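Just below is one structure, and these are the notes that go with it.
The values are calculated or read from the model by the stated rules, or taken from the named source; none is laboratory data. Computed from a predicted model, the values in this text were never measured in an experiment. Note that each Cβ is placed from the backbone with ideal geometry, even for glycine, and that neighbours are counted across all protein chains shown. Areas reflect the complete protein model, heavy atoms only, side chains present, ligands, DNA and RNA absent. Shrake-Rupley method; radii C 1.70, N 1.55, O 1.52, S 1.80 Å.
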Amino acid sequence: MLNKGLRDEESIRIDNVLKTLHSLVFVPENAFDVHQIEEALKGFGLNVESLNAIAPNNLIVLLERLHLDWNQKEQFADFLVAFSKQNPFDFREKAIAVYNYIQSESKTFSFGIFNKIAANS
């Protein structure tokens, strides 16, 4: 278990990686740079190919191992959905798995996440 100081540093690092990923996919159509996304994904020990190859359940295990909180997991799933819109890989199944995991394991029902699941199913 991480102590509070390390947990805070890890959370800040995760937030920075997520902000970078979101800034790279929420740009005008066809303008994002896959190489920059690859660099940002390295913060999670991933790249586009490994993200494509990983099973949804294994992705959830990885996100748990990286200590992403519920909000960070949701942001990562949001990134997967946005990235899927403009690239040859479709990560929506993985995003839905993460959303479902959040809904079931956080013990809190979220209409926002429910709507994201419905919109991507």
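Within the range 61-86, take every residue that is closer than 16 Å to Ala40 by Cα and assigned to a loop (DSSP other than H, G, I, E, B) and give me the one that is farthest from the chain's Cα centre (by Cα). Checking each candidate, the answer is Leu66. If I filter the range 94-109 for residues that are open to solvent by 60 Å² or more (accessible area, probe 1.4 Å), within 14 Å of Ile14 (Cβ to Cβ), without any contact (Cβ under 8 Å) to a residue 60 or more places away in the chain and outside any helix (DSSP H, G or I), do I get at least one hit? The answer is no, given that none of the residues of the range 94-109 is open to solvent by 60 Å² or more (accessible area, probe 1.4 Å), within 14 Å of Ile14 (Cβ to Cβ), without any contact (Cβ under 8 Å) to a residue 60 or more places away in the chain and outside any helix (DSSP H, G or I).
Taking the criterion of being in contact with a helix residue (DSSP H, G or I) (Cβ under 6 Å, 6 or more places away or on another chain), without any contact (Cβ under 8 Å) to a residue 40 or more places away in the chain and open to solvent by 20 Å² or more (accessible area, probe 1.4 Å), the residues of the range 39-60 that qualify are Gly43, Asn47. Check the range 10-32 and report whether any residue there is part of a helix (DSSP H, G or I), touching an Asp or Glu at 6+ places or on another chain (Cβ under 7 Å), among the aliphatic types (A, V, I, L, M) and at pLDDT 85 or above. No: zero hits. Restricting attention to the range 61-87 and to residues that are polar (S, T, N, Q) and open to solvent by less than 40 Å² (accessible area, probe 1.4 Å), the residue that is modelled with the lowest pLDDT turns out to be Asn87.
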